[in-house]
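The values are calculated or read from the model by the stated rules, or taken from the named source; none is laboratory data. Please read all numbers here as calculations on a predicted model, not as lab measurements. Note that we place each Cβ from the backbone using ideal geometry, even for glycine, and neighbour counts take in every protein chain shown.
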Amino acid sequence: MVMNSTHVSYFALDVYFDLGGFKHLYFFIFLLVYVFIVGANMLLIVVICLNRSLHEPMYMFLCSLFVNELFGSSGLFPFLLLQILSDVHTVSVPFCLVQVFCLYTYGSVEFTNLAIMSYDRYLAICHPLQYNTCMTSSKVTLLIAVIWLPPVLAVLVSVCLTASLQLCGSIINKVYCDNYSIIKLSCSDTTVNNIYELVAASVTVYAPVSLIFYTYTRILNVCFSGSKQTRQKAASTCTPHLASLLNFSFGVSFGILQTRFNMSGVQNMVQIFLSLYYITCQPLFNPVMYGLNMSKIRVICKGLVLGLAEV
């Protein structure tokens, strides 16, 4: 990517403030969070991959979700840890664009992954007799490609469009790089960028959310008209998914509000919490939620932990 801007070679992240003697404490806390995210998600990925009893569509989509949690958190935490220890909170333009690609891809993949998982639950609950015929291994592979490829391509084009802008400012009011914040710093025409952002959001956010809304409307109809056993099955498999969706949507809404509105009157700590919520809480939330609520995963993880304790 070639930068047309001759004015800006780095960005200053303006939300950071002097932590004083608490610098190393915050570093240690975020390091522990990152270690837990990596450990928990890696554990569940290994458990799903190595146990043939979990080689079912639902668990394959879960594995894709856990991979995305690792991808998104790795796009943030190493950078965040360096910034906490640093006295100068700046980042080069190329690296900033790479981080934008990682974080926006993470967010987009999260929505498409949750949408495909809702489609899988819709088939399992509303069309149980046709489920195995519909959800073949080749279709699972195709759906995993649908989860990842459109968001990656959409975000890549968005980042390339942003890289072509001439920038006349260098201050980003966040603790990490944000595409909309960079676009606002442009002194060239951003019409193409803004139109494309709407189109990309339609593909990677609005379409998946619409699919989730449709599938859960159908699932609820079946649950209310079905037997007690059907309702119990729906509750056991859909509750973690709905909780994950609500948590992520809640966090993304925080991020959008912070980016789109003037937050100068809000304390720095609150701004930092709002901007970090969806990237830190979701990778923590998903492995705990699915690990505790999915009985097959819970039993295998418990056996693995007990086996390691005996050794």
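Within region 45-66, the set of residues being farther than 18 Å from residue 118 by Cα and within 17 Å of the chain's Cα centre (by Cα) comprises just one member, 45.
Picking from residues in region 165-189 that are surrounded by 15 or more Cβ atoms within 10 Å (Cβ to Cβ) and more than 26 Å from the chain's Cα centre (by Cα), the one that is farthest from residue 255 (Cα to Cα) is 166. Counting residues in region 177-196 that are under 30 Å from residue 121 (Cα atoms) and polar (S, T, N, Q) gives zero. Across region 85-99, not a single residue is classified as touching a Ser or Thr at 6+ places or on another chain (Cβ under 9 Å) and either free of Cβ contacts under 8 Å to residues at least 40 places away in the same chain or closer than 18 Å to residue 245 by Cβ (or both).
Does region 9-20 contain any residue that is without any contact (Cβ under 8 Å) to a residue 12 or more places away in the chain and surrounded by 14 or more Cβ atoms within 10 Å (Cβ to Cβ)? Scanning region 9-20 turns up no residue that is without any contact (Cβ under 8 Å) to a residue 12 or more places away in the chain and surrounded by 14 or more Cβ atoms within 10 Å (Cβ to Cβ). Comparison of 123, 129 shows that the only residue that is out of contact with any His (no Cβ under 8 Å at 6 or more places or on another chain), among the hydrophobic types (A, V, I, L, M, F, W, C) and at pLDDT 90 or above is 123. Among what's in region 72-102 and is of a type in the set (Val, Ile, Thr) and part of a helix (DSSP H, G or I), pick the residue that is farthest from residue 14 (Cα to Cα). Selected residue: 98.
When the residues of region 144-196 are filtered to those that are part of a helix (DSSP H, G or I) and without any contact (Cβ under 8 Å) to a residue 24 or more places away in the chain, the one that is nearest to residue 100 (Cα to Cα) is 183.
Go through the residues of region 150-158 one by one and say whether even a single one is within 23 Å of the chain's Cα centre (by Cα), within 18 Å of residue 117 (Cα to Cα), at pLDDT 85 or above and of a type in the set (Ser, Thr, Tyr).
No: region 150-158 contains no residue that is within 23 Å of the chain's Cα centre (by Cα), within 18 Å of residue 117 (Cα to Cα), at pLDDT 85 or above and of a type in the set (Ser, Thr, Tyr).
So is residue 64 at pLDDT below 95 and hydroxyl-bearing (Ser, Thr, Tyr) or not?
Details: at pLDDT below 95: no; hydroxyl-bearing (Ser, Thr, Tyr): yes.
No, not satisfied.
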